[in-house]
Amino acid sequence: MPSQMPAPIDACACPLCGKPNQCAMEVAKISGQPVAKCWCVNVSFPPELLAKVPVASQRKACICQACATKDAHG
């Protein structure tokens, strides 16, 4: 019996909420156009927040600003 392939990771979706993560680096990859630095380059993500990211999505999809902000404030 063939094993099922895991679903591909959508690098443009937040791995926590599934909404668009607005990752400037992914936009640049898709469009081929240079963009300004992403909001996340000047943010420190606490280990507790990063631990919430599913293993399959780690280092493959960015946490969105809403989830990062929500976690930081509550």
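The values are calculated or read from the model by the stated rules, or taken from the named source; none is laboratory data. Treat the numbers as computed from the prediction; the structure is a model and nothing was measured. Every residue, glycine as well, gets a Cβ built from its backbone with ideal geometry; the counts of neighbours run over all protein chains shown. The protein model used for the area step is the full one, side chains on, heavy atoms only, and it has no ligands, DNA or RNA in it. Shrake-Rupley method; radii C 1.70, N 1.55, O 1.52, S 1.80 Å.
Against the definition (in contact with a helix residue (DSSP H, G or I) (Cβ under 8 Å, 6 or more places away or on another chain) and of a type in the set (A, V, I, L, M)), how does residue 35 come out, yes or no? It is true that residue 35 is in contact with a helix residue (DSSP H, G or I) (Cβ under 8 Å, 6 or more places away or on another chain) and of a type in the set (A, V, I, L, M). With respect to (1) at pLDDT below 90; (2) of a type outside the set (Gly, Ala, Ser); (3) in contact with a Pro (Cβ under 9 Å, 6 or more places away or on another chain), the lone exception for residue 63 is condition (1). Against the list (1) open to solvent by 50 Å² or more (accessible area, probe 1.4 Å); (2) in contact (Cβ under 8 Å) with a residue 40 or more places away in the chain; (3) part of a helix (DSSP H, G or I); (4) not polar (S, T, N, Q), the condition residue 67 fails is (1). Would you confirm whether any residue within segment 36-48 is within 16 Å of residue 67 (Cα to Cα), part of a helix (DSSP H, G or I) and touching an Asp or Glu at 6+ places or on another chain (Cβ under 8 Å)? Yes - at least one qualifying residue is present in segment 36-48.
In segment 10-37, the residues that are of a type in the set (A, V, I, L, M) reach residues that are part of a helix (DSSP H, G or I) and surrounded by 13 or more Cβ atoms within 10 Å (Cβ to Cβ) with C-beta atoms within less than 7 angstrom, at least six apart or across chains, in these pairs: 11/26; 16/67; 35/24; 35/27; 35/28; 36/24. For segment 24-74, what are the residues that are more than 17 Å from residue 8 (Cα to Cα) and in contact with a strand residue (DSSP E or B) (Cβ under 9 Å, 6 or more places away or on another chain)? Within segment 24-74, just 64 meets the criteria.
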